[in-house]
Protein chains: 2
Amino acid sequence: MNYEAKNALYIARVEAGLRALLPEAQAVWEDGKIPQGLCESMRYSLLAGGKRVRPVLLLATADMLNVDLQEALCPACALEMIHTYSLIHDDLPGMDDDDLRRGKPTNHRVYGVGPAILAGDGLLNFAFECMLQNAMRYPQHLEGHVRAMAVIAARAGVTGMIAGQSIDLLYEHRQMDEAALSYIHRHKTADLLTAPLLAAASIAGSDEPTLRALETFGQSVGIAFQIQDDLLDIEGDAASLGKATGMDAERGKMTWPALYGVRRAHDMADALWSQALASLDIFGEQADYLRAFVQNLRARRA
Amino acid sequence: MNYEAKNALYIARVEAGLRALLPEAQAVWEDGKIPQGLCESMRYSLLAGGKRVRPVLLLATADMLNVDLQEALCPACALEMIHTYSLIHDDLPGMDDDDLRRGKPTNHRVYGVGPAILAGDGLLNFAFECMLQNAMRYPQHLEGHVRAMAVIAARAGVTGMIAGQSIDLLYEHRQMDEAALSYIHRHKTADLLTAPLLAAASIAGSDEPTLRALETFGQSVGIAFQIQDDLLDIEGDAASLGKATGMDAERGKMTWPALYGVRRAHDMADALWSQALASLDIFGEQADYLRAFVQNLRARRA
């Protein structure tokens with residue numbers, strides 16, 4: 001199967017998996033079921049589209065390491081739930097206070113602040129609930145599933161994504177330096193892209209060299225993706241020169257090109273994309289999907 | 001050991017456990033460590049005292065079922081983290097918008113709304129991270145620990161505590177009936193009191209009759225505790241008569257005595273306390289601590 005066919009397959013599995021885990025609620029409340037309003041607000045954000053990068057990475061890595069896709073589907077969907085809860089909470093007043101996300105009103109603009117807080121909490125808790133239920137269905141691989149959940153908890157948590165968000169918030173009104181910018185992107189962005197790779201490898205019971213290669217791959221792709229995001233913002237924007245020389249005026253946030261200049265930021269991204277590809281060498285042609293995945297990300301124009 | 005000595009022992013273990021899991025941070029940020037600001041805000045609410053009812057119930061049940069207390073300490077502390085995150089998020093603007101909690105300024109009044117959202121998210125995620133790390137330290141009991149985490153996730157989650165919070169929010173400005181009040185208290189309160197009992201029994205590998213008895217105990221104690229709370233609010237308050245006949249004016253929330261009258265609410269609580277004690281019969285004198293726990297809760301005057 002070529003890259004496009006595999007990609008379409010993974011995305012279709014994820015979309016179906018998310019809908020199966022979180023079907024529409026039929027009653028306002030009922031013991032053992034998710035209440036209707038809560039369920040609707042969780043589905044609103046979870047099923048709003050998006051590229052499904054994290055769950056697709058988990059399924060692709062599972063596939064590469066000969067893990068059954070059905071067994072890996074729940075952790076994949078759980079990562080998308082965690083990503084989605086972080087967006088809902090990020091958009092709240094007191095955080096970024098955004099009105100739009102992916103062209104649609106943010107969760108709290110539709111359902112209110114209280115329900116949006118609960119929808120986020122619900123998605124985070126449900127991610128672990130689904131993974132734990134899934135783990136109990138595979139007693140012969142229980143240890144691998146526990147390791148996968150531990151990796152996801154660590155990368156999503158208070159030394160991972162939440163740590164990155166916390167330092168991001170701290171620097172909202174401060175001049176940011178290289179160390180802070182790097183910390184934020186390593187943890188806020190790259191950790192949640194590394195989690196699916198290591199989670200799949202944990203289920204597969206992979207050895208240390210495999211885990212190290214996937215860690216390098218995830219971190220390189222994560223930072224390169226972030227630098228590229230900053231560059232695309234500038235290049236797709238008439239007000240590019242102002243942005244390229246200082247703080248990102250609109251969001252009040254520091255960017256890689258603002259800190260290093262456009263040229264050096266391009267060079268840094270290129271070096272990271274190359275590092276990502278090199279880390280895949282040990283997998284041979286088994287990693288062709290991940291290689292194509294990198295090339296596709298790298299070639300994107302928005 | 002008598003009740004008071006055991007109780008003091010369990011509380012001391014929990015307090016030490018929480019501080020060991022979440023020590024003070026030494027640097028603003030550092031890879032692999034919790035950032036200072038995030039850590040401080042998590043500690044502010046987690047170490048603010050309180051009766052530690054949920055973790056003490058877990059340790060007491062573990063003790064009764066011959067589970068090593070050290071092995072049960074992490075799930076016990078995780079339950080307190082989950083309880084604490086729910087209080088931080090409940091107090092936020094958009095939820096109850098409270099300025100004080102246990103006589104101290106609420107988390108968001110001290111650290112700001114954004115950091116308080118992250119402190120709550122952080123405690124919920126950290127609860128699972130700690131339990132997963134702990135589970136990997138006991139490979140011979142891995143299945144029991146996974147079952148315990150699954151029980152905690154279910155009772156804390158979108159069909160448990162969060163479901164109760166969601167329906168509570170839905171009825172904030174509506175007339176509440178018996179079914180809604182019962183649903184809210186069963187899930188918002190009783191589920192998180194049942195979780196420690198079932199989690200301890202899961203680690204112990206207990207049989208169905210044990211799980212059913214502990215479920216009855218937890219649900220009965222949870223609702224009785226809530227009815228008593230409502231009654232204490234009235235009886236400790238000069239404006240009691242007004243409250244007893246309608247909505248709780250101050251909090252805008254329906255209460256058991258408001259719905260049934262003081263006398264019938266007392267009768268309902270008595271029946272539930274008796275049911276809780278009866279459910280312990282199968283444990284014989286092993287359950288003496290839990291019996292004394294019930295008598296102490298029942299006799300409280302605040």
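The values are calculated or read from the model by the stated rules, or taken from the named source; none is laboratory data. No experiment lies behind these values; they were computed from the predicted model shown. Glycine also receives a Cβ, built like all others from the backbone with ideal geometry; neighbour counts cover every protein chain displayed. Ligands, DNA and RNA are stripped out before the accessible areas are found, and what is left, the full protein with its side chains, is counted by its heavy atoms. Shrake-Rupley method; radii C 1.70, N 1.55, O 1.52, S 1.80 Å.
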Kirkwood estimate for the range B:3-298, i.e. one over the average of 1/r between Cα atoms, Å: 19.9
Built amide H within the under 5 Å cut-off of residue A:101, gap 5+: A:106
Accessible carbon and sulfur surface of the range B:120-169 relative to its total accessible area, %, 1.4 Å: 49
Solvent exposure, largest accessible area first (probe 1.4 Å, DNA, RNA and ligands not counted), of B:183, A:44: A:44, B:183
Principal axis dimensions, largest first and in whole angstrom, of the range A:4-73 by Cα: 42, 23, 15
Cubic angstrom per residue, convex hull over Cα atoms of the protein assembly as shown: 148
Relative contact order [Cα under 8 Å, 6+ residues apart], chain B, whole percent: 16
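Take each of the peptides B:102-114, A:79-91, average the number of other beta-carbon atoms within 10 Å over its residues, and list them starting from the highest.
Result, highest mean first: A:79-91, B:102-114.
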Whole-number D in µm² s⁻¹ for the range A:1-118, Kirkwood Cα-pair radius fed into Stokes-Einstein, 20 °C, 1.002 mPa s: 139
Residue-span extension gain [residue A:31 to residue A:69] - 0.36 nm each, minus C-alpha spacing: 10.5 nm
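Rounded, prolate or oblate, given the Cα gyration tensor of the range A:90-181, with a/c below 1.5 counting as rounded?
Values: a/c = 3.41, a/b = 1.45, b/c = 2.36.
Cα axes put the range A:90-181 in the oblate bin.
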Residues of the range A:122-156 buried by at least 30 Å² on assembly (accessible area, 1.4 Å probe, chain alone as reference): A:124, A:125, A:128, A:129, A:132, A:136, A:142, A:146, A:150, A:153
Cβ-vector label at 7 Å, residue A:40, separations to other copies in nm: 4.2
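Counting Lys and Arg as +1 and Asp and Glu as -1, what is the net charge of the other residues whose Cβ lies under 14 Å from the Cβ of residue A:159? It would help to have the intermediate numbers written out before the result.
On the way: positive: A:155, A:186, A:188, B:33; negative: A:191, B:30, B:31, B:121, B:129.
Surrounding charge for residue A:159 is -1.
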Per residue value of the accessible surface for chain A (all protein chains in place, 1.4 Å probe), Å²: 40
Estimated FRET transfer efficiency when R0 is 22 angstrom, pair residue B:97-residue A:174 (beta carbons, to 0.05): 0.20
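Using a 1.4 Å probe on protein heavy atoms only, how many Å² of accessible area do A and B hide from each other, summed over both chains and rounded to 100?
Counting both chains, the buried surface is close to 4500 Å².
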